[in-house]
Amino acid sequence: MSKIDLSRVDFETLVIHAGQTPDPNYGALATPIYQTSTFCFDTVEEGAGKFAQEIPGFVYSRGGNPTTRALELKCAAIEGAEDAVAAASGMGAVGAVMTAFLRPGDHAIFDLAVYGGTNHMASKNLPDMGVEVSRVDTGDVEALKAAIRPNTKMIYFETPNNPMMKVTDIRAVKAAAGPGIRVVVDGTFAPPPMQHALALGADIVLHSVTKYINGHGDVLGGIVAGKAEDIKTIRANSITKINGCPPAPFNSYLVLRGMKTLALRIRRHCANAMEVARYLEESPFVKAVYYPGLESHPQHELAKRQMEEGLFGGMLSFELKDDVKGLSSFEAGKKLVNSLKIPAIAVSLGDPDTLIEHPASMTHMAVSKEDRLAAGITDGLIRLSVGLESAKDLIADFQQAFSAL
Ligand SMILES: *Cc1c(COP(=O)(O)O)cnc(C)c1O
């Protein structure tokens, strides 16, 4: 047990200390990597007790591992959740929630624009398994209420979402859903301290740990946090059985390491993104910038209420004007991206390095053009994951790339 009363500390202290105490074997301060598949028992009786979960401890790493458990406890603490369970990837986490709670004949509502892999689950995998799926703009509470049926079991959305940074009102969705429908928030774009989805009424919050929570671009991981009973169901049915997707202990160690600087990193990502967003908004070549921190963002007031401490994330999208030096916004966008020197052309987000990508040909290639346009994802849209470099250097890079158009 920690000597620190973690219920009374600031986020900076919580994220460093929660879930981790010196290792009982040798006092190692850094949580050791328990790189083992199985755990030994002194006696048959001890084994039986651990299998029956009457004696606490570990049996086999698919069901639980000390390094991964430290990560789960840390994530539960920062989300203010009763418990959390880790997965080998963000999609592992998404799939685990679906397979734990949706059955043939159930109905689930998904926002119009969700992450590509989740979109595939909603449009293909779940219907194949006999789950009815409706797609609704979860920002439109009346449309959401109209879509709810007697067999609705889940409402699922991302906030801010990918790649338009649409902000959905978590409180309003939970109020519309009532107690019988699980509200599941993918909070990947806004991990704590930016946003606490459970405190706003979500039943379950999940993250692709691959992104900000690990924050170093070197691990795939996922986490699901919520009520102890729900987490137990997800762990028992999905993570250890149907999906069989716990993280490797080494990856859990890397994420624990990355999380030590989560508070510092998030503040810097957000400050950099705000500066770059303001710069782009003032550029004569730019038609629109989508960033929840800008007054021009359609849900800026909601973002101010729902996202904390003026932290609006490190993600933004923008679109160039048509006819920039005779080019279409698509052609000009391609030329701009190719001329930038600091941002790497890559999907993913939340890395120390700034990443830039073109949703229509990359992350959202598999989404039909009609659905893409309905979600506002035009051919000219460019998505930027603002990294931890100097904002001044990033802006200077944009200046040189604009002048090369
Ligand atoms: C990346 C991402 C996922 C999937 O996570 P992986 O770790 O790549 O499996 C899910 N949701 C969102 C919003 C993401 O950005």
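The values are calculated or read from the model by the stated rules, or taken from the named source; none is laboratory data. Quick caveat: nothing in here was measured; it's all calculated off a predicted structure. Please note: Cβ atoms are built from the backbone with ideal geometry, for glycine as well, and neighbour counts cover all protein chains shown.
Annotations
- The residues listed here are R103, R149, R135; of these, the one that is modelled with pLDDT of 95 or more, of a type in the set (D, E, K, R) and over 22 Å from L206 (Cβ atoms) is R149.
- Counting the residues of the range 52-88 that are part of a strand (DSSP E or B) and free of Cβ contacts under 8 Å to residues at least 24 places away in the same chain gives 1.
- Residues satisfying the stated conditions in the range 278-304, i.e. over 25 Å from P193 (Cα atoms) and not in a helix (DSSP H, G or I): S283, P284, F285, V286, K287, A288
- Scanning the range 213-231 for residues that are within 12 Å of the ligand (Cβ to nearest atom) and assigned to a loop (DSSP other than H, G, I, E, B) turns up I213, N214, G217, V219, L220, G221.
- Only residues that are of a type in the set (D, E, K, R) and closer than 12 Å to I181 by Cβ were counted across the range 126-151, and they come to 2.
- Of the residues making up the range 305-335, those that are over 19 Å from the mean Cα position of the chain (by Cα) and part of a helix (DSSP H, G or I) number 8.
- Flag for A96 being on the phi < 0 side of the Ramachandran plot and crowded, with 18+ Cβ neighbours inside 10 Å: yes
- Among the residues of the range 27-51, those identified as assigned to a loop (DSSP other than H, G, I, E, B) and hydroxyl-bearing (S, T, Y) are T31, Y34, T36, S37, T43.
- Of everything in the range 65-91 that is within 16 Å of the ligand (Cβ to nearest atom) and surrounded by fewer than 24 Cβ atoms within 10 Å (Cβ to Cβ), the residue that is farthest from S348 (Cα to Cα) is A88.
- L112 passes every criterion in (1) farther than 19 Å from I170 by Cβ; (2) touching a helix residue (DSSP H, G or I) at 6+ places or on another chain (Cβ under 9 Å) apart from (1).
- Unmet criterion (only one of (1) buried (at least 21 other Cβ atoms within 10 Å of the Cβ); (2) touching an Asp or Glu at 6+ places or on another chain (Cβ under 9 Å); (3) assigned to a helix (DSSP H, G or I)) for I239: (2)
- D186 vs. criteria of a type outside the set (G, A, S), touching a helix residue (DSSP H, G or I) at 6+ places or on another chain (Cβ under 8 Å), within 11 Å of the ligand (Cβ to nearest atom) and within 21 Å of F101 (Cβ to Cβ): yes
- Considering residues of the range 15-57 that are farther than 28 Å from L262 by Cα and hydrophobic (A, V, I, L, M, F, W, C) only, the residue surrounded by the most Cβ atoms within 10 Å (Cβ to Cβ): F39
- Just one of (1) farther than 29 Å from L29 by Cα; (2) within 14 Å of the ligand (Cβ to nearest atom); (3) under 18 Å from the mean Cα position of the chain (by Cα) fails for N243. It is (3).
- Number of positions in the range 191-212 that are more than 10 Å from the ligand (Cβ to nearest atom) and touching a residue at least 60 places away in the same chain (Cβ under 8 Å): 12
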